[in-house]
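The values are calculated or read from the model by the stated rules, or taken from the named source; none is laboratory data. Keep in mind the model is a prediction, meaning the values are calculated, not measured. Note that each Cβ is placed from the backbone with ideal geometry, even for glycine, and that neighbours are counted across all protein chains shown. When the accessible area is computed, the model is the full protein with side chains, heavy atoms only, and any ligands, DNA or RNA have been set aside. Shrake-Rupley method; radii C 1.70, N 1.55, O 1.52, S 1.80 Å.
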Amino acid sequence: HATPIVVNGHVYIATAVSPAVYKLTPDGKQKWAYVPKGPKAPKDASWLPEGAFLASPLVTADTVFACDLAGFVHALDRKTGKPRWVVNTREGPFPGAHSSNALFASPILAEGKLIVAGGGYEHAIAIRAGHKCCTGRGFVAALDPK
């Protein structure tokens, strides 16, 4: 779903299928793959998306930033693909934390901050009987990329 990013001949792509973020060498060989190991949706919330990447990653001099549908922001070491940090927008202390937060948008850098946006993915179950909809709200957050 996401547009691949090419930096210095290397291709960075995030996928919904695996789900994973990949770095490919200029000749098309896989340099690394990052598969998120975050918590899955609760059993009673099978309607929540889990881990798929639909947005393009952001590639900086040393980090690859990727946002997923499970509500996580991932900061990966550009050389190795190992996680530097992960933020869960579904749980505190994240401001605007909501159990159905999902990130569909690509992250960007602005004035030295990592900007991410998302919101509650409740519309998929709004028609279920007894569901108190819609308590989630959208959010835009500025994170320290370090």
>> So in the stretch 31-47, with the set limited to residues that are surrounded by 12 or more Cβ atoms within 10 Å (Cβ to Cβ) and modelled with pLDDT of 80 or more, which one is farthest from Gly118 (Cα to Cα)?
In response: Lys31
>> Restricting to the stretch 85-103, name every residue that is surrounded by fewer than 18 Cβ atoms within 10 Å (Cβ to Cβ), in a loop (DSSP other than H, G, I, E, B), of a type in the set (A, V, I, L, M, F, W, C) and modelled with pLDDT of 90 or more.
In response: Phe94
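For the stretch 53-71, name all the residues that are modelled with pLDDT under 95 and open to solvent by less than 20 Å² (accessible area, probe 1.4 Å). Give the steps one after another, and end with the answer.
Applying the first criterion (modelled with pLDDT under 95) to the stretch 53-71 yields 53-55, 68-71.
Across the stretch 53-71, the qualifying residues are Phe53, Ala55, Asp68, Leu69, Ala70, Gly71.
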> Before we move on, is Lys82 among the basic types (Lys, Arg), modelled with pLDDT of 95 or more and open to solvent by 20 Å² or more (accessible area, probe 1.4 Å)?
Replying inline: yes
>> For the stretch 71-81, which positions are in contact with a strand residue (DSSP E or B) (Cβ under 7 Å, 6 or more places away or on another chain) and in a loop (DSSP other than H, G, I, E, B)?
In response: Gly71, Arg78, Thr80, Gly81
>> Consider the stretch 59-75. How many of its residues are farther than 14 Å from Ala16 by Cα, of a type in the set (A, V, I, L, M) and touching a residue at least 24 places away in the same chain (Cβ under 8 Å)?
In response: 4
>> Would you confirm whether or not the stretch 8-15 contains a residue that is under 21 Å from Ile108 (Cα atoms), open to solvent by 50 Å² or more (accessible area, probe 1.4 Å) and either of a type in the set (A, V, I, L, M) or modelled with pLDDT of 95 or more (or both)?
In response: yes
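If a residue must be among the hydrophobic types (A, V, I, L, M, F, W, C) and in contact with an Asp or Glu (Cβ under 7 Å, 6 or more places away or on another chain), how many such residues does the stretch 50-68 contain?
Let us first name the residues in the stretch 50-68 that are among the hydrophobic types (A, V, I, L, M, F, W, C), namely 52-55, 58-59, 61, 64-67.
Next, from what is left, pick out any that are in contact with an Asp or Glu (Cβ under 7 Å, 6 or more places away or on another chain): 52-53.
Result for the stretch 50-68: 2.
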> Glu50 versus (1) of a type outside the set (Lys, Arg); (2) over 13 Å from the mean Cα position of the chain (by Cα); (3) modelled with pLDDT under 90; (4) open to solvent by 40 Å² or more (accessible area, probe 1.4 Å): which is the lone unmet condition?
Replying inline: (2)
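Take the residues of the stretch 104-118 that are under 16 Å from Pro145 (Cβ atoms), of a type in the set (A, V, I, L, M, F, W, C) and open to solvent by 50 Å² or more (accessible area, probe 1.4 Å): which is farthest from the chain's Cα centre (by Cα)? Working first, answer last.
Of the residues in the stretch 104-118, the ones under 16 Å from Pro145 (Cβ atoms) are 106-117.
Retained after the next criterion (residues that are of a type in the set (A, V, I, L, M, F, W, C)): 108-110, 114-117.
Filter once more, so that each one left must be open to solvent by 50 Å² or more (accessible area, probe 1.4 Å): 108-109.
Details: Ile108: 12, Leu109: 15 Å.
Residue satisfying both the conditions and the ranking: Leu109.
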